[in-house]
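Here's the structure we're looking at; comments come further down.
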Amino acid sequence: MAFSEENLANHLGGLGYSEEQIELMDVATSFCRDKSPIDKVRKLMADERGYDAQVWQEIAELGWLGIAIPEAHGGVGLSMAEVAPIAEQMGRRLLTTPFATCTVAAQALLAAGDEVQCGEWLPRIVAGEIATLALSEPHGDWTLSHVEATAKPNGDGYALSGTKQFVAYAKDAALVIATVNVDGAVRLALIEQSAIPDGALRREIIVDETRRTYELTLDGITIPASALLDAGRSATALGQIELASALLQAAEMCGGTQSAIDYTVEYLKTRKQFGKLIGEYQALKHPITNAYVAYEKARSHMLSAAHNFGQQGVGEIAVRMAKASADKAYSFAADRAVQFHGGFGFTHDCDAGLYRRSAIWHASQFGDAAWHRAKLADLLF
Amino acid sequence: MAFSEENLANHLGGLGYSEEQIELMDVATSFCRDKSPIDKVRKLMADERGYDAQVWQEIAELGWLGIAIPEAHGGVGLSMAEVAPIAEQMGRRLLTTPFATCTVAAQALLAAGDEVQCGEWLPRIVAGEIATLALSEPHGDWTLSHVEATAKPNGDGYALSGTKQFVAYAKDAALVIATVNVDGAVRLALIEQSAIPDGALRREIIVDETRRTYELTLDGITIPASALLDAGRSATALGQIELASALLQAAEMCGGTQSAIDYTVEYLKTRKQFGKLIGEYQALKHPITNAYVAYEKARSHMLSAAHNFGQQGVGEIAVRMAKASADKAYSFAADRAVQFHGGFGFTHDCDAGLYRRSAIWHASQFGDAAWHRAKLADLLF
Amino acid sequence: MATRPTAAELADYEAQADAWFRENTPKDPGFMLPLTFMEVSTDQQFEFLCAWQRKVYEAGYLGASWPTEYGGGGMHPDFQRIATKVMKKYDGPIMLNAIGIGWAGPLILDIGSEEEKKKYIKGMLSAEDIWCQGFSEPENGSDLGNAQLKAVRDGDEYVLNGSKIWTSLGDRAKYMILLARTSNEGPNKYAGLSFFLAPMHAPGIETRRIKKLTGEYGFVQCFFTDARIPAECLMGKEGDGWQIAMKTLEYERGAKVNLAGGYFLKELDAMGVVELARQSQRGGKALLDDPVMKDRMIDFMIDIQALNLNNQRRRMGPLVQDRPMGLALMNKLARTEMIRELTEFSLSFQGTRGGYYVDDPCAVDNGYWHRSYLNSFSATIGGGTSEIQRNIVAEHVLGLPKGR
Amino acid sequence: MATRPTAAELADYEAQADAWFRENTPKDPGFMLPLTFMEVSTDQQFEFLCAWQRKVYEAGYLGASWPTEYGGGGMHPDFQRIATKVMKKYDGPIMLNAIGIGWAGPLILDIGSEEEKKKYIKGMLSAEDIWCQGFSEPENGSDLGNAQLKAVRDGDEYVLNGSKIWTSLGDRAKYMILLARTSNEGPNKYAGLSFFLAPMHAPGIETRRIKKLTGEYGFVQCFFTDARIPAECLMGKEGDGWQIAMKTLEYERGAKVNLAGGYFLKELDAMGVVELARQSQRGGKALLDDPVMKDRMIDFMIDIQALNLNNQRRRMGPLVQDRPMGLALMNKLARTEMIRELTEFSLSFQGTRGGYYVDDPCAVDNGYWHRSYLNSFSATIGGGTSEIQRNIVAEHVLGLPKGR
């Protein structure tokens, strides 16, 4: 690939937006602000389920769960580009629900499911039934094709074995889509909630207290042969899962970064020390400005990733750049948010900590900045 | 190697000093300050030779050229540890002379020269005759064993061929020690000034205007067989050259960093903008403080590298850490020195530029920070 | 104003401009051409660029949208934008008279008198009258409002005493836009400032060239010693100086679009660093086989692309709702700092050859990268230092309090 | 003071201490022991650490150099240094009563009255009397001189009203060293401050635990509502408070060596990160096969080694001639910022497992690194934020002007 500065922008994907995207952005902005004030966020942190079922129902009713699902399957027939601004506003208000995992699960079905599988599950997802993904394993590797869990033929179906980690909202999920190794090939397997034995799910203690994830022990679970997605499209589906997840993460992270900055700026404008507003001190004023600059860069990348999502070549580059720059921006902004709140920043009551933990969480899932830079190096050099 | 934080200090070499080192440091501090005020430095920048022959004579008379040369060869019989503080003060005052290259050339002779070669040249170096090194080649590689210049048997001697770059003070040198490839093996060759044809030396335009280097065309030069140093000790000698050079560079760089900071601090204490001393602005005050912290770290490493120089294993690690941290500290301090002098910083009259160019020079010779970190990774992991 | 052209009209115009620039853009003249109007060092460069600007103007591709009665083309600004785009496409030399057509011209067209428009506009377009700018002073680099150069009214003249600095083309200019102090009274330091369109050939004005960090020339310092200029050089009224100067700075920041066209600086091709890296070796291997270098390079590419995307996004209202001015106000800071870091990084590819400097025959790209790094400070310092840019973003975008 | 011991005496003592700590240092108690005295969260931890401190004291390895008449061992300080070294060698639990034996004790021995010495010293060594510190207030985190907690003399008592915050062990302490305002008069805000050795069990004093960023406990906020303490709790005179408080902070910074011994915090083993990296995998390969990670790791090792060398150098006069206090004053800044960056970096090794937090059975090292990173802010904020530390170095080492 040959570059000039201008064709970087042209060839790596420019920016654009759809009317629908902007409308959804506007609606999501007020919805998330209204439904997820910070005291509500904190109340839900202590709640076992971790999200408000009522709000979840409203999200379904708004049609948001079907945005990137074709109309034929009951969806809205738009694309991931229109989902991103919603995720951004959710990240901004720390409104965590199964929204992202349901959206990505639907993409996985679209990528590798047959008509029957899609026909059964996509309308249910649109309606608000929860579908989630079981990808991570104890090895901790971000490479989604590194799968040690297995599915072995067993009568008419398959017997599963192995451990999956960080399965989001698994307790409430009607459907878990797990990666399993079938005779050396990675396949996606549909596991219905009814197939999961008691005790197979353990709630995990994770760094981001606004989320719920579970460890899922696959041993003892069997599935029918019809529950495996198309083997020939596994790789495509894994790619789609990785990029859709990273896009939604980048969006959530941009929202979180914005809030971490706004929250800190507000403090700097009101807190006094040594007789001055602390925002007058360049030691605080300039780093938070740098954080803001990083945020706007990350947001441009995220919007570009949304706009170019699914474009051959260009799309993957845009998403990885978005996740890498969102990680950098969020980590820095939230780290400084803690520091600049001084003693209060070191308490659990200070929201800066929520953003910091959220940033750590996002970095830990689907690759951090360094990981995506390494992938970009492979794509670009 | 197994580490704990404490044994890092113990096993990687601690700190210590000799009485002689401190005495030399004190003498060098006042000598360099007195002999190299900044207007003198600038005058010499425009001078063809680039250094003051009178000062060079005094340096020889002080015995500094023989510090790390055994008494048997007319030297003082101390070590590189005692040379480092002198180089530091020279770097601090931008007093550039053939001091470093002569010192390293002597080390090369000691490492691979026989009694005759040492016996002839070392006393002459101690007395102030200039010996220099011809190592770099157009490929630009920092690996000293990457040598494309050749020496081919020719009658009783060898005919040389190839191009050497950055040969310091070659025009004034009685002796040039060049790396050449003899039948696939790298050897060190002694070239006397009389053997260098007219036109074989071209003064180079280099980023640091306080120095003089020359490109040396070897074609047409022949040397007697007795002018080759011991083949069996070539590798040792190259190692010694690299580490001695890097140590002296680290020392010069520490001195330069100190001056870049002092010079900037002085400006921040006296320059007013918007009715305030600019040193009151944390936007300038804090970064220059960070530069100072980096300087002190680099200086500790440099002193440790001097103290541990020549120690098996430990010595090389200490030197590479010293060069890596000196590069980081000097580059940052000098870059900020330019910036913080504002418009004046952008002029050739501002000394900040001298330090910045000096830092670029040092990074370009014998490896920059990243290069030495890569070498350290090989040594430590 | 001229009516908005149709797409077809614009396409025709573009074809015509394309043909002209393809034909007329000069080839390598055999000496180094300045990359910015601040770097004009020799007579040769100066004359070459004057001739080029005049040629572009006479062909109608400069000042195309300025009023015909003052020497412009009277066309809709969209035509000028296209002409400039084509000029860039063919990588033509820069327009030399930046302060004239970029600052003084828009200002005079905006608020100047009829006489001023008649007197100045045409000459600046044709590069007959070169302009320079006299805002900064040696003691007040960042603090323009504190300007101390004195202008005292004496009959039909003002008598000037003081000094201005960082004046590009100051030794070659016919006119200067000048910020001077006509009073020390008034509620604050700004109230005593006035703005002049001053002739540079008045007796008592001397200039001294300033050698830059790079070793080259480009700026001068101007000394005013009882220099007398006609009283009608005053623009507006005494005391209006600060407002007019601030207005002028807005043109620099590109906030106003009433520009004559052309471009005054060639931006560093940031992606050129990738090419440099691609051609570089380290330890006998391609530099881009070194994962550490590759990682940093990718980081820069992400950054470069972010700034490109920012530039697209700032014109897309719905994508900048929260802080509409944010991207515009941070642009200078983000871009100039990135260039500084990137060019510094470029030196590290060169191994020992990083020791060479501009004009050594062995220097990589003739020292382009060294010069670019050292020149990068002109942008992180000039036009408001990065430190001041951070204050601007903090205060005007984030609403943080001004320091006292 | 006791006479300087001979090398042989010290060697004997070391052997004896070594035997004692080898025998008596407790094994893993089956629950998490706090790494610092600021992290005591449960009764179980508290009681365990009280018992351990008492045991060490009774064996003679704490307060060994303090005067016998108040409960110390009366030995030369070199003996105590050896005992502490051995204690560290066996990685024994921390000494809990840090504010007592580290701050209040040295202060009372320095400037306290005979009664105060008799009353307080022994109990703090034996951990019978736990001490806490009341300097910071909610509205004056960094600005101690602005303390507003009021102490009004009323007969034989002072009446206290106000609040203190970041008080480690505040809910368990018997005494507090307290900075309070006895006057609003005086030439400056410092003049109205006084220093008290205040009983914490006085009615009107209440405490509330503060949940930390990590999710754990360790600090309290103390509320004083018409709390009455005897007038003899005043140390020195009214108005001496600021000087006494500053003296106390010197003990914290280790400037005075008249310490009881022991250690109050376990420093993060920075090299442990290397071990973590060594055991980590990425993309199926050892993490340390990734040159980018290796490069950053080496950078940290250089930094860690630099701080170790700094600590050696600061005691070598000839090697710190130019700025003798530089290394001492920058140490906190450099060390705490390095730890923050290093622990943050440590999270990136863990792949998906970086999502786990403390106490999840699958968390790497039981979440030690996550906790360490989040806890690192206690050091970059507490005891003067890094921003304030930079001011201190800038002003006291480089001589830069104080901001206004």
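The values are calculated or read from the model by the stated rules, or taken from the named source; none is laboratory data. As the structure is a computational prediction, the values presented were derived from the model and not from experiment. Ideal geometry is used to build each Cβ from the backbone, glycine not excepted, and the neighbour counts take in all protein chains shown. Note: accessible area is taken over every heavy atom of the protein model, side chains too, but ligands, DNA and RNA are not part of it. Shrake-Rupley method; radii C 1.70, N 1.55, O 1.52, S 1.80 Å.
Listed values, structure above:
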{"quantity": "Checklist (1) modelled with pLDDT under 95; (2) away from chain D (no Cβ under 11 Å); (3) open to solvent by 30 Å² or more (accessible area, probe 1.4 Å) applied to A:LYS269, failing item", "calculated": "(1)"}
{"quantity": "Criterion violated by C:MET316 - all others in (1) within 14 Å of chain B (Cβ to nearest Cβ); (2) modelled with pLDDT of 90 or more satisfied", "calculated": "(1)"}
{"quantity": "Among residues of the stretch A:31-51, those that are open to solvent by 40 Å² or more (accessible area, probe 1.4 Å) and either of a type outside the set (Asp, Glu) or farther than 20 Å from A:ALA168 by Cβ (or both), counted", "calculated": "11"}
{"quantity": "Residues satisfying the stated conditions in the stretch C:104-115, i.e. under 17 Å from C:GLY71 (Cβ atoms) and either of a type in the set (A, V, I, L, M) or open to solvent by 10 Å² or more (accessible area, probe 1.4 Å) (or both)", "calculated": "C:ALA104, C:LEU107, C:ILE108, C:LEU109, C:ASP110, C:GLY112, C:SER113, C:GLU114, C:GLU115"}
{"quantity": "Strands (runs of 3 or more DSSP E) completely within the stretch D:174-271 that count 1 or more residues being outside the structural domain of D:LYS122 (by TED's automatic domain parsing), of a type in the set (Ser, Thr, Tyr) and surrounded by fewer than 15 Cβ atoms within 10 Å (Cβ to Cβ)", "calculated": "D:219-230"}
{"quantity": "Evaluation of D:ASP295 against (1) open to solvent by less than 50 Å² (accessible area, probe 1.4 Å); (2) assigned to a loop (DSSP other than H, G, I, E, B); (3) at the interface with another protein chain (Cβ under 7 Å from one of its Cβ atoms) (one fails), failing number", "calculated": "(2)"}
{"quantity": "Meets criteria (outside any strand (DSSP E or B) and either crowded, with 21+ Cβ neighbours inside 10 Å or within 14 Å of another protein chain (Cβ to nearest Cβ) (or both)) for D:GLY170", "calculated": "yes"}
{"quantity": "Restricting the stretch D:151-166 to residues that are within 14 Å of another protein chain (Cβ to nearest Cβ) and surrounded by fewer than 24 Cβ atoms within 10 Å (Cβ to Cβ), the residue that is farthest from D:LEU96 (Cα to Cα)", "calculated": "D:SER163"}
{"quantity": "Options C:GLY367, C:GLY354, C:GLY383: the member that is within 25 Å of C:MET271 (Cβ to Cβ) and in contact (Cβ under 8 Å) with a residue 60 or more places away in the chain", "calculated": "C:GLY383"}
{"quantity": "Matching residues in the stretch B:118-152 - criterion: being within 26 Å of B:ALA81 (Cα to Cα), surrounded by fewer than 20 Cβ atoms within 10 Å (Cβ to Cβ) and of a type in the set (S, T, N, Q)", "calculated": "B:THR143, B:SER145"}
{"quantity": "Matching residues in the stretch D:124-150 - criterion: being assigned to a helix (DSSP H, G or I), open to solvent by less than 10 Å² (accessible area, probe 1.4 Å) and under 20 Å from D:GLY170 (Cα atoms)", "calculated": "D:MET124, D:LEU125"}
{"quantity": "Residues of the stretch B:171-194 that turn out to be over 21 Å from B:ARG49 (Cβ atoms) and surrounded by 15 or more Cβ atoms within 10 Å (Cβ to Cβ), as a count", "calculated": "10"}
{"quantity": "Condition met for A:LEU243 (outside the structural domain of A:GLY155 (by TED's automatic domain parsing) and in contact with an Asp or Glu (Cβ under 9 Å, 6 or more places away or on another chain))", "calculated": "yes"}
{"quantity": "Filter result for the condition that a residue is of a type in the set (A, V, I, L, M, F, W, C), surrounded by fewer than 22 Cβ atoms within 10 Å (Cβ to Cβ) and part of a helix (DSSP H, G or I), over B:ALA235, B:ALA246, B:ALA250", "calculated": "B:ALA235"}
{"quantity": "Unmet requirement for C:SER163, which otherwise passes all of (1) of a type outside the set (Asp, Glu); (2) in contact (Cβ under 8 Å) with a residue 40 or more places away in the chain; (3) touching a helix residue (DSSP H, G or I) at 6+ places or on another chain (Cβ under 8 Å)", "calculated": "(3)"}
{"quantity": "Meets criteria (in contact (Cβ under 8 Å) with a residue 12 or more places away in the chain, under 30 Å from B:GLY343 (Cβ atoms) and either among the hydroxyl-bearing types (Ser, Thr, Tyr) or not assigned by TED's automatic domain parsing to the domain that holds C:ILE99 (or both)) for C:THR36", "calculated": "yes"}
{"quantity": "Where a residue in the stretch B:206-224 is more than 21 Å from C:GLN350 (Cα to Cα) and in the same structural domain as B:THR163 (by TED's automatic domain parsing) and its partner, wherever it lies, is in a loop (DSSP other than H, G, I, E, B) and of a type in the set (Asp, Glu), with Cβ under 9 Å and at least six apart", "calculated": "B:PRO224/B:ASP156"}
{"quantity": "D:GLY74, sole failed condition from (1) in a helix (DSSP H, G or I); (2) surrounded by fewer than 18 Cβ atoms within 10 Å (Cβ to Cβ)", "calculated": "(1)"}
{"quantity": "A:HIS348 more than 17 Å from the chain's Cα centre (by Cα) and open to solvent by 10 Å² or more (accessible area, probe 1.4 Å)", "calculated": "yes"}
{"quantity": "Index of the failed condition, D:LEU374 passing every other in (1) within 30 Å of A:THR213 (Cα to Cα); (2) free of Cβ contacts under 8 Å to residues at least 40 places away in the same chain; (3) within 8 Å of chain A (Cβ to nearest Cβ)", "calculated": "(2)"}
{"quantity": "Qualifying residue in the stretch A:101-110 (condition: part of a helix (DSSP H, G or I), buried (at least 16 other Cβ atoms within 10 Å of the Cβ) and in contact with a His (Cβ under 7 Å, 6 or more places away or on another chain))", "calculated": "no"}
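Quick grid of which residues meet (1) more than 20 Å from the chain's Cα centre (by Cα); (2) at the interface with another protein chain (Cβ under 9 Å from one of its Cβ atoms); (3) within 20 Å of D:LEU319 (Cβ to Cβ):
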position: B:GLN249; (1), (2), (3): no, no, yes
position: B:MET253; (1), (2), (3): no, no, yes
position: B:THR264; (1), (2), (3): yes, no, no
position: B:GLN282; (1), (2), (3): yes, yes, no
position: B:THR289; (1), (2), (3): yes, yes, no
position: B:GLU296; (1), (2), (3): no, yes, yes
position: B:SER304; (1), (2), (3): no, yes, yes
position: B:GLY310; (1), (2), (3): no, no, yes
position: B:GLY313; (1), (2), (3): yes, no, no
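Yes/no per residue for (1) part of a helix (DSSP H, G or I); (2) among the β-branched types (Val, Ile, Thr); (3) more than 7 Å from every other protein chain (Cβ to nearest Cβ):
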| site | (1), (2), (3) |
| --- | --- |
| B:MET321 | yes, no, no |
| B:ALA326 | yes, no, yes |
| B:PHE332 | yes, no, yes |
| B:VAL338 | yes, yes, no |
| B:ARG357 | yes, no, yes |
| B:ILE360 | yes, yes, no |
| B:GLY367 | no, no, yes |
| B:LEU376 | yes, no, no |
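Residue by residue, here is whether (1) under 30 Å from C:GLN133 (Cβ atoms); (2) touching a residue at least 24 places away in the same chain (Cβ under 8 Å); (3) in contact with a Gly (Cβ under 6 Å, 6 or more places away or on another chain) holds:
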{"residue": "C:VAL220", "(1), (2), (3)": "yes, yes, yes"}
{"residue": "C:ALA245", "(1), (2), (3)": "yes, yes, no"}
{"residue": "C:ALA260", "(1), (2), (3)": "yes, yes, yes"}
{"residue": "C:LYS294", "(1), (2), (3)": "no, no, no"}
{"residue": "C:MET316", "(1), (2), (3)": "no, no, no"}
